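Trainee: Okay, here's the structure, questions in a sec.
The values are calculated or read from the model by the stated rules, or taken from the named source; none is laboratory data. Predicted, not measured: the structure shown is a model, and the values here were computed from it. Heads up: the accessible areas ignore ligands, DNA and RNA and are worked out on the full protein's heavy atoms, side chains in. Shrake-Rupley method; radii C 1.70, N 1.55, O 1.52, S 1.80 Å.
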Amino acid sequence: MEEEVRRARDEVVNMVASRPAGTANGRRALPRALLRRDLGLLVAAGVADLLVAVAVVAVGPDAWFTTAAGIASAVLGANAIAGAFQESRRRGGEVARVREHGADPVDTLAELRADVPPPRWTLVIRVLCELFLLTAVTLVLVSTVGAAARVVVVAALVCHLTATALNDRYSRRRERWKSDFLREEDVVLPPLPDRWRVLVPHRPK
């Protein structure tokens with residue numbers, strides 16, 4: 001079974017690598033609203049985390065947990081904003097390719113996996129990162145002197161929780177744009193090769 005999965009994954013990687021790129025003709029009249037769908041969630045989450053970093057560093061004590069909270073929040077925020085722009089560019093390329101060359105079996109596989117939740121280990125990493133950042137911000141809150149400064153840290157904590165909720169919503173909706181695009185363009189997906197079916201997780205009944 002593991003060998004079948006490995007061979008199927010290698011075939012998918014090779015097909016993606018050999019895909020023809022979309023040209024300027026395919027990029028004309030791109031469905032901007034569709035390509036930007038839900039990316040605002042990612043940008044808003046990034047801005048919120050950047051505000052957390054600024055607030056924590058500005059009013060927090062000179063301690064390792066202040067630095068840790070500031071750096072972690074800034075990295076999360078910058079990655080979210082950069083990810084939104086990269087995703088928008090990727091979507092444009094996907095639309096141009098499908099319009100000019102049609103869908104391929106990798107598109108079929110992606111459609112079948114669109115609503116599959118991420119692996120459990122990624123959830124564990126996310127939870128650990130959240131616990132670390134929340135602990136660091138909480139330490140900043142406890143160690144901050146002055147009512148006004150504490151209000152700023154509490155607001156920063158609320159901002160981060162909001163960013164987490166926005167990121168979670170985006171992660172659950174990130175591939176819906178392509179399903180809608182394929183439906184609106186009446187794109188017919190080719191059948192999935194039988195040997196690739198090992199890559200489609202069994203959905204719980």
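Trainee: Can you tell me the length gained on complete extension of the stretch N14 to R173, counting 0.36 nm per residue apart and subtracting the Cα distance?
Mentor: Taking N14 through R173 to full extension adds about 54.5 nm, to one decimal.
Trainee: Considering only protein heavy atoms, what per residue accessible area in square angstrom results for the range 1-86 with a 1.4 angstrom probe?
Mentor: Details: 5070 Å² over 86 residues.
In whole numbers, the range 1-86 has 59 Å² accessible per residue.
Trainee: Rounded to a whole number, what % of the accessible area of the chain do carbon and sulfur atoms account for, probe 1.4 Å?
Mentor: Carbon plus sulfur share of accessible area: 62 percent.
Trainee: For the range 79-193, what is the convex hull volume of its Cα atoms per residue in Å³?
Mentor: Output value, Cα hull per residue: 112 Å³.
Trainee: Something else now. What are the ³J(HN,Hα) couplings of the range 57-67, residue after residue, when phi is run through the Karplus curve with 6.51, -1.76, 1.60 and θ = phi - 60°? Round to Hz, x for glycine and proline.
Mentor: Taking θ as phi minus 60°, the curve returns 5, 5, 10, x, x, 7, 8, 4, 6, 5, 4 Hz for the range 57-67.
Trainee: Looking at the square roots a ≥ b ≥ c of the eigenvalues of the Cα gyration tensor of the range 1-110, which shape do they give, rounded for a/c under 1.5, prolate if a/b is larger than b/c, or oblate?
Mentor: Details: a/c = 4.11, a/b = 1.79, b/c = 2.29.
Oblate, since a/c reaches 1.5 and b/c is not below a/b.
Trainee: Using the Karplus curve 6.51 cos²θ - 1.76 cosθ + 1.60 with θ = phi - 60°, work out ³J(HN,Hα) for each residue of the range 93-108 in order, rounded to whole Hz, and write x for Gly and Pro.
Mentor: With the stated coefficients, the range 93-108 comes to x, 5, 4, 4, 5, 5, 5, 8, 10, x, 7, 10, x, 5, 5, 4 Hz.
Trainee: Determine the relative contact order of the chain: mean sequence separation of Cα pairs under 8 Å and six or more apart, normalised by residue count, in whole percent.
Mentor: Taking the mean separation of contacting Cα pairs over the length of the chain, I get 38 percent.
Trainee: Continuing with this model, one more query. Find the Rg to Rh ratio for the range 61-143, where Rh is the Kirkwood radius over alpha-carbon pairs and Rg uses the same atoms.
Mentor: Numbers: Rg = 19.2 Å, Rh = 16.1 Å.
That ratio is 1.19, to two decimals.
Trainee: Please compute, for the alpha-carbon atoms of the range 148-205, the extent along each of the three principal axes and give them in descending order in Å.
Mentor: Result for the range 148-205: principal-axis Cα extents of 62, 28, 19 Å.
Trainee: So between R32 and R183, what do we pick up on full extension, going 0.36 nm a residue minus the alpha carbon distance?
Mentor: 52.8 nm
Trainee: Over the chain, what per residue volume does the convex hull of the Cα atoms give, in whole Å³?
Mentor: Cα convex hull per residue, to the nearest whole number: 155 Å³.
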